[in-house]
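Trainee: Have a look at this one.
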Amino acid sequence: MDEPVEPRRARGDALNEALREDLDLQGVAELQDRIATLETEIARTRLHLEKKQAGRAAADALFGFRDN
């Protein structure tokens, strides 16, 4: 039998949910884990940003676009 397919979440939903979490309910260890997870996500996001910027710079160089 086929499993039900969950609807796709809108872009940014997980981040918005994380921003609304009540941090008062979390203990010290949970907050430390949260910070470590967020720092890992920041690093992942920065890596993707750098890749996109490099791709954009390569395309601009190829097609002759320049910042004014």
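Trainee: Enter the accessible area per residue of the chain (Å², integer; probe 1.4 Å; all protein chains in place). Kindly include the intermediate steps, with their values, before the conclusion.
Mentor: On the way: 7040 Å² over 68 residues.
On a per-residue basis, 103 Å².
Trainee: OK, next. Given 0.36 nm per residue, what is the gain on full extension from Leu19 to Ala36 after removing their alpha carbon distance, in nm? Mind showing how you got there, number by number?
Mentor: Values: separation 17, 0.36 × 17 = 6.12 nm, distance 1.54 nm.
Fully extending the segment from Leu19 to Ala36 adds 4.6 nm.
Trainee: Over 13 Å, how big is the tail of the calculated P(r) for the chain, in percent of all Cα pairs? Display every interim value, and only then the final one.
Mentor: Numbers: 1792 of 2278 pairs.
Across the chain, Cα pairs with separations above 13 Å total 79 percent.
Trainee: Still on this structure, I have one more. Subtract the Cα-Cα distance of Gln26 and Asp60 from 0.36 nm times their separation in residues, and report this length gain in nm to one decimal. It would help to have the intermediate numbers written out before the result.
Mentor: Working: separation 34, 0.36 × 34 = 12.24 nm, distance 4.67 nm.
The Gln26-Asp60 span can extend by a further 7.6 nm.
Trainee: Here's another thing I want to ask about it. What trypsin sites (Lys or Arg not before Pro) does the chain have in DSSP loop regions with at most 14 other beta carbons within 10 Å? Let's see the in-between values first.
Mentor: On the way: sites: Arg8, Arg9, Arg11, Arg20, Arg34, Arg44, Arg46, Lys51, Lys52, Arg56, Arg66; in loops: Arg8, Arg9, Arg11, Arg66.
Filter output for the chain: Arg8, Arg9, Arg11, Arg66.
Trainee: Further question: How much of the accessible area of the chain, in percent, comes from carbon and sulfur atoms when a 1.4 Å probe is used? Intermediate values should be presented prior to the final figure.
Mentor: Numbers: 3920 of 7040 Å².
Accessible surface attributable to carbon and sulfur in the chain totals 56 percent.
Trainee: Also: Show that you can apply the helix-only estimate: for the chain, add -39,500 (n - 2.57) for every DSSP H stretch of four or more residues, divide by all residues, and state [θ] at 222 nm to the nearest 500. Could you put the intermediate results ahead of the total?
Mentor: Working: 2 runs with 44 residues, N = 68.
Helices in the chain give a 222 nm mean residue ellipticity of -22500 deg cm²/dmol.
The values are calculated or read from the model by the stated rules, or taken from the named source; none is laboratory data. Just so you know, these numbers come straight off a predicted model, no measurement behind them. Please note: Cβ atoms are built from the backbone with ideal geometry, for glycine as well, and neighbour counts cover all protein chains shown. What goes into the accessible areas is simple: the full protein's heavy atoms, side chains included, and nothing from ligands, DNA or RNA. Shrake-Rupley method; radii C 1.70, N 1.55, O 1.52, S 1.80 Å.
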